[in-house]
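Derivation of every value follows stated rules applied to the coordinates shown; laboratory data play no part. As the structure is a prediction and not an experimental result, all values here were calculated from the model. Using ideal geometry, Cβ is built from the backbone for each residue, glycine included, and neighbour counts are taken over all protein chains shown.
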Amino acid sequence: MRMKMFFAAILISGLLFSTGCQKIKSLADVNISADYTIDLNLTVLQKAFKGSTTIDPVTNSQVSKYLKLIKLWKVDNINGSFKNVSKPAILKTGTITFSSDAGTATWTTTNLKIINGGVFSLDNAQGQWDKVAQILSTKKPFTISIKGTTDTDGFTFTMSLKIATTFTANPFGTN
């Protein structure tokens, strides 16, 4: 009887470690929010503007705390707003691009009101959030570029973007 129990224990242990280990390990997964906000001060000259900035994902305190334990990154949403608008205008064409060695995500927009408090969202219609998650997963700096044309000339505004993300960390490592 003891011999049967011994072999059963070995069999169960083998099954756990060969097929169930990942399932058991995933029970320790923790989802943590990590948001990034940028403000780009833009000047419209000859009815056109452009600007860029760099984000280092590691500057987020939660990311730096769990850096070696992050196994998955997800974008929850990306929202924008206009502030410090010196003169209301219409954004005739606009392009926002997130880029790094890991890939590129691009959004285009037309006929958007540039007014103080005006808001917009960058959707995932073409899998852009997945690309941004891929970029974030490298844990390396990336660039956000903005360019566009307007119906009015000679004014300034601030475009603010908030990138809301969640990453999954596991104390047993990333595999």
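Hey, could you grab the Kirkwood Rh for the stretch 135-174? Inverse mean 1/r over distinct alpha carbon pairs, Å, one decimal.
Numbers: mean 1/r = 0.0685 Å⁻¹.
Kirkwood hydrodynamic radius for the stretch 135-174: 14.6 Å.
HN-Hα J couplings of the stretch 110-125 from phi, Karplus 6.51/-1.76/1.60, θ = phi - 60°, integer Hz, Gly and Pro as x?
Karplus values, whole Hz, x for Gly and Pro: 9, 6, 10, 6, 9, 9, 4, x, x, 10, 8, 10, 9, 7, 10, 4.
Using packing as a proxy for protection, rank 91-102, 50-61 so that the peptide with the highest average count of other Cβ atoms within 10 Å comes first.
Numbers: 91-102: 17.7, 50-61: 14.5.
So the order, starting with the most tightly packed, is 91-102, 50-61.
What does the charge count around V119 come to, taking other residues whose C-beta lies under 14 Å from its C-beta (Lys +1, Arg +1, Asp -1, Glu -1)?
Net local charge, V119 excluded: +2.
Starting with the fewest neighbours, write out I144, I135 ranked by other beta-carbon atoms found within 10 Å of each beta-carbon.
Numbers: I144 21, I135 25.
Listed from fewest to most nearby Cβ atoms, that is I144, I135.
Can you tally the net charge around V63? Count Lys and Arg as +1, Asp and Glu as -1, for every other residue whose Cβ sits under 14 Å from the Cβ of V63.
Working: positive: K65, K68, K71, K74, K139, K140; negative: D35, D56.
With Lys, Arg at +1 and Asp, Glu at -1, the net is +4.
Multiplying the sequence separation of K162 and K65 by 0.36 nm and subtracting their Cα-Cα distance, what value in nm do you get?
32.8 nm
Measuring from label point to label point, each 7 Å out along Cα→Cβ, what is the A48 to S33 span in nm?
With each label placed 7 Å out from Cα toward Cβ, I get 4.0 nm.
Could you compute Rg(Cα) / (2.2 N^0.38 Å) for the stretch 29-169, with N its residue count? Please list the in-between numbers first.
Values: Rg = 15.8 Å, N = 141, 2.2 N^0.38 = 14.4 Å.
Rounded to two decimals, the normalised Rg is 1.09.
Note down the relative contact order for the stretch 29-169 as a percent, whole number, built from C-alpha pairs under 8 angstrom at least six residues apart.
Values: 348 pairs, mean separation 67.1, N = 141.
After rounding, I find 48 percent.
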